[in-house]
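The values are calculated or read from the model by the stated rules, or taken from the named source; none is laboratory data. Because the structure is a prediction, the values reported are computed rather than measured. So basically every Cβ, Gly included, is an ideal-geometry build from the backbone, and we count neighbours across all protein chains shown.
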Amino acid sequence: MKRMKKLVNFKTLVLLFVLCTSQIKVYAQDNVIDEVVWIVGDEAILKSDVEEERLNAQYNGVKFEGDPYCVIPEQIAIQKLYLHQAAIDSVEVTDSEVMQQVEWQINNIIRQIGSKEKMEEYFNKTYTQIRETMRESAREKLTVERMQKKLVGDIKITPAEVRKYFKELPQDSVPFIPTQVEVQIITQQPKIPIAEIDDVKKRLREYSDRVTSGDTPFSSLAILYSEDPGSARRGGELGFMGKGELLPEFAAVAFNLSDPKKVSKIVETEYGFHIIQLIEKRGDRINCRHILLKPRVSDKDLQAAMGRLDSVANDIRSNKFTFDQAASVISHDKETRNNNGLMANSRTSTSKFEMDQLPQEVAKAVDKLNIGEISKAFTMVNDKGKQVCAVVKLKSRIDGHKATITDDYQNLKELVLSKIRAQKLDQWIKDKQKKTYVRINEGWKKCDFKYPGWVK
């Protein structure tokens with residue numbers, strides 16, 4: 001503990017020194033010299049911060065209007081203005097919100113890049129390091145968004161203002177609305193035999209006994225047998241997390257562990273069955289290992305579930321009952337069951353999806369349907385990593401088109417609101433600049449900044 005306190009104090013002194021100079025150089029873990037390129041208020045922007053953002057943008061295919069070494073530090077500086085104001089106004093986000101954002105980002109990257117290993121290779125970081133970096137990044141992103149919402153949340157416009165905007169809009173500037181669909185879904189998770197669950201629990205008890213007896217380290221068993229690909233290759237280690245970042249059932253057991261040599265009881269979550277081992281506690285955060293096993297669904301049970309859903313779909317086609325009624329009674333998808341199976345687009349907070357926003361298996365099924373038609377049963381992996389059977393109904397389809405005031409009033413309203421909000425935020429940034437200490441290294445000043453007020 002004394003060594004840790006000395007380390008913390010040393011880091012504090014380094015930070016204070018950084019804030020007093022503009023050319024401090026610090027050594028990263030890979031022994032590459034880093035450099036403070038901007039100081040905004042009491043926050044430093046490092047060259048490595050800029051490089052990391054540049055790599056992220058490169059991976060995501062983001063193109064910059066101008067020199068990335070001008071655009072990126074300015075973007076980071078703007079973010080720091082918002083974060084500073086958020087701290088003053090006590091604007092915060094929850095651990096749970098941050099966790100959801102991180103999981104979405106990681107899963108999206110893995111889906112695009114092919115595997116966790118490829119992701120690690122691209123970013124030159126371990127999965128845990130990427131996760132930790134994303135956690136802080138996600139927290140800042142969500143905090144900035146919440147701060148922006150607070151600044152412009154009271155802006156309202158009238159239908160007359162929307163109509164006026166659309167009337168004055170040049171024809172070649174009328175926005176194109178991509179094809180959008182509304183989709184209803186019914187899912188069924190095949191029943192897992194009790195014998196399969198018993199077998200999973202038996203195996204976990206055996207692993208626990210091997211660890212407790214000193215026969216095999218927990219980490220070795222996690223590498224060999226855990227079905228959580230993200231943590232398995234790290235010996236089951238999850239990294240430091242707060243209670244809100246873990247599933248409630250998992251957190252309840254993990255945070256009650258006190259002896260790193262012992263193994264928890266078996267814990268069931270929506271992902272499967274776990275055993276947990278404590279590594280370290282730091283205040284209200286915990287680092288632990290786990291082994292996850294998922295009961296297997298047999299091909300026979302999978303086919304039986306698909307057969308049941310096909311039968312349900314046929315009954316709906318025969319008007320024995322409606323899709324809405326079936327979804328609200330038999331669907332296992334708790335996110336949609338209480339809304340007659342209607343899928344919600346978390347990106348837009350509406351029920352409308354562009355095709356590339358749907359899960360791939362759902363999009364493939366919907367693509368072949370006419371409005372009102374129901375698909376054949378198909379299998380998909382849900383957001384919990386479990387294989388489920390599903391049928392979908394295409395509720396509506398709006399083909400891609402140029403916006404009209406009649407059909408796309410809501411889209412145009414949002415367009416006008418976005419424009420007004422952007423104007424207000426632009427003015428806020430200019431005003432905030434005047435009140436904030438900013439220092440930029442000489443080699444980073446020769447830029448055509450969006451907000452010239454940085455250079456004083």
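You will find that of Asn338, Asn314, the residue that is part of a helix (DSSP H, G or I), modelled with pLDDT of 95 or more and surrounded by fewer than 16 Cβ atoms within 10 Å (Cβ to Cβ) is Asn314 and no other.
Among the residues of segment 184-225, those identified as assigned to a helix (DSSP H, G or I) and of a type in the set (Gly, Ala, Ser) are Ala195, Ser208, Ser219, Ser220, Ala222.
Gln184 meets all of the listed conditions (1) farther than 24 Å from Asn382 by Cβ; (2) of a type in the set (S, T, N, Q); (3) surrounded by 14 or more Cβ atoms within 10 Å (Cβ to Cβ) but one, namely (1).
Lys395 meets the conditions (1) of a type in the set (D, E, K, R); (2) without any contact (Cβ under 8 Å) to a residue 12 or more places away in the chain; (3) assigned to a strand (DSSP E or B) in every case but one. The failed one is (2). Checked against (1) over 29 Å from the mean Cα position of the chain (by Cα); (2) over 30 Å from Gln325 (Cβ atoms), Glu373 passes all but condition (2). For the structure I just gave you, tell me whether Ala363 is part of a strand (DSSP E or B) and in the same structural domain as Asp324 (by TED's automatic domain parsing). Here the answer is no, as Ala363 does not meet what is asked.
Quick check on this structure: which one of Leu302, Leu309 is under 19 Å from Ile194 (Cβ atoms), assigned by TED's automatic domain parsing to the domain that holds Gln184 and touching a Ser or Thr at 6+ places or on another chain (Cβ under 9 Å)? Please lay out each step first, then the result.
On the way: Leu309 fails: under 19 Å from Ile194 (Cβ atoms).
Checking each option against the conditions leaves just Leu302.
None of Gln105, Gln112 is in contact with a helix residue (DSSP H, G or I) (Cβ under 7 Å, 6 or more places away or on another chain) and outside the structural domain of Gln357 (by TED's automatic domain parsing) except Gln105.
Reported count of residues in segment 400-422, each being touching a residue at least 12 places away in the same chain (Cβ under 8 Å), in a loop (DSSP other than H, G, I, E, B) and out of contact with any strand residue (DSSP E or B) (no Cβ under 9 Å at 6 or more places or on another chain), is 1.
The conditions of being surrounded by 22 or more Cβ atoms within 10 Å (Cβ to Cβ), in the same structural domain as Thr216 (by TED's automatic domain parsing) and within 24 Å of the chain's Cα centre (by Cα) are met by Ile286.
Can you tell me which residue among Ser226, Ser258, Ser208 is of a type in the set (S, T, N, Q), within 29 Å of the chain's Cα centre (by Cα) and modelled with pLDDT of 90 or more? First the steps, then the outcome.
On the way: Ser258 fails: within 29 Å of the chain's Cα centre (by Cα); Ser208 fails: within 29 Å of the chain's Cα centre (by Cα).
Of Ser226, Ser258, Ser208, the one residue that is of a type in the set (S, T, N, Q), within 29 Å of the chain's Cα centre (by Cα) and modelled with pLDDT of 90 or more is Ser226.
Listed by first and then second residue, the pairs with beta-carbon distance under 6 Å, at least 6 apart or on different chains, first residue in segment 354-368 and modelled with pLDDT of 90 or more, second basic (Lys, Arg), form an empty list. Residues in segment 53-84 that are assigned to a helix (DSSP H, G or I), charged (D, E, K, R) and either in contact with a Cys (Cβ under 6 Å, 6 or more places away or on another chain) or free of Cβ contacts under 8 Å to residues at least 24 places away in the same chain (or both): Glu53, Arg54. Taking segment 278-293 as the range and being modelled with pLDDT of 90 or more and of a type outside the set (Val, Ile, Thr) as the test, the residues that pass are Leu278, Glu280, Lys281, Asn287, Cys288, Arg289, His290, Leu292, Leu293. Of all residues in segment 200-229, those satisfying the criterion of being surrounded by 18 or more Cβ atoms within 10 Å (Cβ to Cβ) and touching a helix residue (DSSP H, G or I) at 6+ places or on another chain (Cβ under 6 Å) are Tyr207, Val211, Phe218, Leu221, Ala222, Ser226.
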